[in-house]
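Let me begin by presenting the structure, written as structure tokens, before commenting on it.
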Amino acid sequence: MKILVTGGTGYIGSHTCVQLIEQGWQPVILDSLVNSKASVLGRIEQITKHRPPFIVGDVRDASLIEKILAEHKIEAVIHFAGLKAVGESVAQPLRYYDNNVHGSVVLMQGMQKCGVKTLVFSSSATVYGNSSAPPWNEQVPTSPANPYGRSKLMVDQIMADLTLADPTCSMTSLRYFNPVGAHPSGQMGEDPQGIPNNLMPFLSQVAVGRRESLHIYGNDYDTPDGTGVRDYIHVSDLANGHIAALAYAHGCAGHHVFNLGSGHGHSVLDMLNAFGKACGRQLPHTLAPRRPGDLAAYWADPSHALSTLGWHAEKTIDDMCQDTWRWQSQNPNGYP
Ligand code: NAD
Ligand code: UFG
């Protein structure tokens, strides 16, 4: 079965393409390369011995979308393409709404025109408000705190509206918690441009000597060790979650929402220690003020994905850190 994977050369998209190929699906990748490199294709090929068709282009290009859906006889779409930097979304909200919301609308219009009924969308735990104690299930009230999070929620809502208007559609939102880790081969991983915003890519650049020291954003939270707690999920588990969702949703009309997380919270110090173990030395760190907008602690209730999709995260934070370290140490400057 042929699947259009938008954003397929990005971090999560590339790992999902590998697992799609390994499990017998046929991904066709569309990516504008705004935040990824074409050399990712060579890595997918090295791992799977298959080079998926790749089109450089933008999801907002309606005629291109229709052409790809028709020419490749696409049966379902996994939609990763989007911008994801929270701070940038605050500074450039129109760019985020245009890319993430308008882009998704153009994609869905193309799907409607070409009779493609199944969509799996990259949403985020950031759509939830902070009014509920963790773990968060899919019924936690939504209340995103920034334009990035609102762009994700808007697309969720558009997908729900579309299934009301056309009950034959199958629209699935996957709400990721904190995706980290890398392919166990060390051939693929996260390759952020500039200074990483997120904990794991920053830590791994400290480990490889590209950054001096990790700044721990606050140690006075109401958590067991005072540092922020999150639900880290290995990107390979996340990729499998997409395939489980696709297998379930294709042919099962309606609007479906699943949390994809491990169900466990880990602190910044837990991750620092696990990474130190993986790379064989204690990593330099300094205490810094809290980062504005950060919550103390949240993690997923992933039981809906388990009971409905039969999916659960299997990898530990040690796996996440070992695989990230293998990728970072073999590719200190990321993809060529
Ligand atoms: P990424 O930036 O590595 O991948 C996104 C890909 O989409 C990139 O290759 C980029 O070039 C491409 N892209 C962006 N806009 C495009 C457009 N208009 N047309 C075509 N291609 C476009 O990010 P990622 O971490 O792999 O995230 C994938 C998706 O998952 C994103 O939608 C992101 O918002 C969502 N998500 C990510 C996280 C996370 O922490 N990584 C958490 C929750 C949700
Ligand atoms: N942290 C540090 N130092 C750093 C970076 C992060 O101490 O240099 C801390 C943060 O304060 C937080 C934890 O590490 O306690 C995790 O921070 P990340 O930036 O890695 O992740 P967030 O939970 O803030 O946000 C991420 C993505 C969002 C996404 C969200 C989903 O950045 O895009 O997960 O829950 F929406």
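Quick notes on this one:
- One residue stands out among those in segment 186-213 that are of a type in the set (G, A, S) and touching a helix residue (DSSP H, G or I) at 6+ places or on another chain (Cβ under 6 Å): the one that is farthest from ligand 1 (Cβ to nearest atom), which is A207.
- Cβ pairs under 6 Å, 6+ apart, first in segment 245-273 and touching a residue at least 40 places away in the same chain (Cβ under 8 Å), second basic (K, R): N259/R175
- Lone qualifier among H234, H266 - being within 12 Å of ligand 2 (Cβ to nearest atom) and either small (G, A, S) or within 30 Å of A288 (Cα to Cα) (or both): H266
- Across segment 16-75, the number of residues qualifying as touching a His at 6+ places or on another chain (Cβ under 7 Å) and within 14 Å of ligand 1 (Cβ to nearest atom) comes to 4.
- Selection within segment 197-206 - farther than 19 Å from K277 by Cα and modelled with pLDDT of 95 or more: N198
- For segment 245-267, the candidate set comprises residues that are in a strand (DSSP E or B) and of a type outside the set (A, V, I, L, M, F, W, C); within that set, the residue that is farthest from ligand 1 (Cβ to nearest atom) is G254.
- Filter result for H234 (under 21 Å from T308 (Cα atoms), crowded, with 20+ Cβ neighbours inside 10 Å and not aromatic (F, W, Y)): yes
- Restricting attention to segment 154-180, the residues being part of a loop (DSSP other than H, G, I, E, B) and either more than 11 Å from ligand 1 (Cβ to nearest atom) or over 24 Å from N259 (Cβ atoms) (or both) number 4.
- Residue in segment 276-284 that is part of a loop (DSSP other than H, G, I, E, B), within 20 Å of V206 (Cα to Cα), modelled with pLDDT of 95 or more and of a type in the set (K, R) present: yes
- Every residue from segment 213-244 that is assigned to a strand (DSSP E or B) and not charged (D, E, K, R): L214, H215, I216, Y217, V229, Y232, I233, H234
- The set of residues in segment 122-142 that are among the hydrophobic types (A, V, I, L, M, F, W, C) and within 16 Å of ligand 1 (Cβ to nearest atom) comprises A125, V127, W136, V140.
- Close pairs (8 angstrom Cβ cut-off, 6 or more residues apart or separate chains): within 12 Å of ligand 1 (Cβ to nearest atom) in segment 214-240, among the acidic types (D, E) anywhere: V235/E190
- Residue in segment 256-271 that is in contact with a Leu (Cβ under 7 Å, 6 or more places away or on another chain) and closer than 30 Å to E212 by Cβ present: yes
- G110, sole failed condition from (1) touching a helix residue (DSSP H, G or I) at 6+ places or on another chain (Cβ under 9 Å); (2) closer than 24 Å to G87 by Cα; (3) part of a helix (DSSP H, G or I): (2)
- Pairs meeting the criteria (first residue in segment 5-16 and under 18 Å from T324 (Cα atoms), second residue surrounded by fewer than 24 Cβ atoms within 10 Å (Cβ to Cβ) and among the acidic types (D, E), beta carbons under 6 Å, at least 6 apart or on different chains) are Y11/E190.
- Residue within segment 18-37 that is small (G, A, S), assigned to a helix (DSSP H, G or I) and touching a residue at least 60 places away in the same chain (Cβ under 8 Å) present: no
- Residue pairs meeting the criteria (Cβ under 7 Å; at least 6 apart or on separate chains; first surrounded by fewer than 17 Cβ atoms within 10 Å (Cβ to Cβ) and outside any loop (DSSP other than H, G, I, E, B), in segment 46-64; second acidic (D, E) and at pLDDT 95 or above): T48/E22; V56/D31
- Against the criterion of being closer than 24 Å to T16 by Cα, touching a Ser or Thr at 6+ places or on another chain (Cβ under 7 Å) and touching a residue at least 24 places away in the same chain (Cβ under 8 Å), A125 does not qualify.
The values are calculated or read from the model by the stated rules, or taken from the named source; none is laboratory data. As the structure is a computational prediction, the values presented were derived from the model and not from experiment. Neighbour counts are summed over all protein chains in view; Cβ atoms, including those assigned to glycine, are modelled from backbone coordinates with ideal geometry.
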